[in-house]
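*Asks:* One structure, as structure tokens, below. Some questions next.
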Amino acid sequence: MTINFEYHDVEASKKLEAFTTEKLERLFVKFSMIIRADVCLKTEKTALDATDKTCNIRLSVFGPRLYAHSNQDSFMNSISKSISDLDSQLAMKRGKMTKL
């Protein structure tokens, strides 16, 4: 699995990359259909300054790509929420694939 990181208005961080890589590798072990992950971390102006840290993750898998987006108070919370959403999407996709 290849992981590509992209930053917008945020400095690149080895700590965030390591945290994200660890979480994504757990997903890869659980769902071997993952080919690549594109992670975008950015800060956005929102009505609530407490939710300005954004994480977008796009997974390339067999079939259509999966996408999750989260705004939280910290990047780690945003990453965790996005990966949790992707976990749910992957479970549904795997369920549909086993029915075929």
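*Asks:* What spacing in nm lies between the two simple spin-label points modelled at residue 18 and residue 6, each 7 Å away from Cα in the Cβ direction?
*Replies:* 2.6
*Asks:* Which ordering of 20, 98 is given by a fewest-first count of other beta-carbon atoms within 10 Å?
*Replies:* So the residues, fewest neighbours to most, are 98, 20.
*Asks:* Translational D (Stokes-Einstein, µm²/s) of region 2-99 at 4 °C and 1.567 mPa s when Rh comes from the Kirkwood sum over C-alpha pairs?
*Replies:* 94
*Asks:* While we're looking at this one, here's another question. May I ask you to list the trypsin sites (Lys or Arg not before Pro) in region 1-54 that are in a DSSP loop and have at most 14 other Cβ atoms within 10 Å of their Cβ? Spell out each step's value before the answer.
*Replies:* Values: sites: 14, 15, 23, 26, 30, 36, 42, 45, 53; in loops: 45.
Passing both the DSSP loop test and the Cβ count: 45.
*Asks:* Explain nothing, just the number: dipole magnitude of region 2-99 about its Cα centre with +1 on each Lys and Arg Cβ and -1 on each Asp and Glu Cβ, in debye rounded to the nearest 20.
*Replies:* Once rounded to the nearest 20, the dipole reads 660 debye.
A short reminder: the numbers here are calculations on the coordinates, not readings from a lab. Note that this is a predicted model, so its numbers are computed, not measured. Here Cβ is always computed from backbone atoms with ideal geometry, including for glycine, and neighbour counts include all displayed protein chains.
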